[in-house]
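These notes are about the structure you will find just below.
The values are calculated or read from the model by the stated rules, or taken from the named source; none is laboratory data. All figures in this text were calculated on a predicted structure; none of them were measured in a lab. Side chains included, ligands, DNA and RNA excluded: accessible areas come from the protein's heavy atoms. Shrake-Rupley method; radii C 1.70, N 1.55, O 1.52, S 1.80 Å.
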Amino acid sequence: MDYSYLKYAIEMDAQTLESLMRDYGQEIWNYAFLICRSRSMADDIAQEVFLKAYRHLESFRGEASVKTWLLRITRNLSYNYRNSAFFRRTLLLDRIIPSGHHRSAEQAYLDEEASNEVWRQVFNLPAKHREVLLLHARHQLPLVEIASLLDIPEGTVKSRLYIARQRLSKLLKEDDAHEQWV
């Protein structure tokens, strides 16, 4: 759905808000979870993102996509939550199970374990590399939008993405080598 007309709207109606929530809700939640690593905080943040978008539509200037605007709000709220005195670090890994596939129980278990291990290693990356990697790979944002969202030069995004991929590859290889000796 094209939301480019939002920059001309005076106020957001309930139907537009509902469409935004349906189209971007999961991505907003995932991004909040990436930063906070807490399901309950991600729930709260996702709700607050859409409330802020609803209340502050006039702040959408149309310079980036609506998705990027919502992810920027999510990032700011997530870091505010994370840095608050009430934040407790908890690492919760989501289980990624592809839908529509009929697999044996054994194959499902092996796929789930492999997926969980990749996510464990992604969460072992430094925050600045993890964030760029997930914005690019998971949210499929172009480098220029990631740069805008993070307020850093595009060259820095490229560099962080390259380093993140290299470190993740190294972590996964080390983990495989360790498992072979166990």
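A compact table of results
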item: Surface share of carbon and sulfur [accessible, 1.4 angstrom probe, percent] for the stretch 115-182; result: 53
item: J(HN,Hα) series, the stretch 40-46, from Karplus relation 6.51 cos²θ - 1.76 cosθ + 1.60, nearest Hz, glycine and proline x; result: 5, 5, 4, 4, 4, 5, 4
item: In order through the stretch 20-37: 3J(HN,Hα) via Karplus (6.51 cos²θ - 1.76 cosθ + 1.60), integer Hz, x for Gly, Pro; result: 4, 5, 5, 6, 10, x, 5, 5, 5, 4, 4, 5, 4, 5, 4, 7, 8, 6
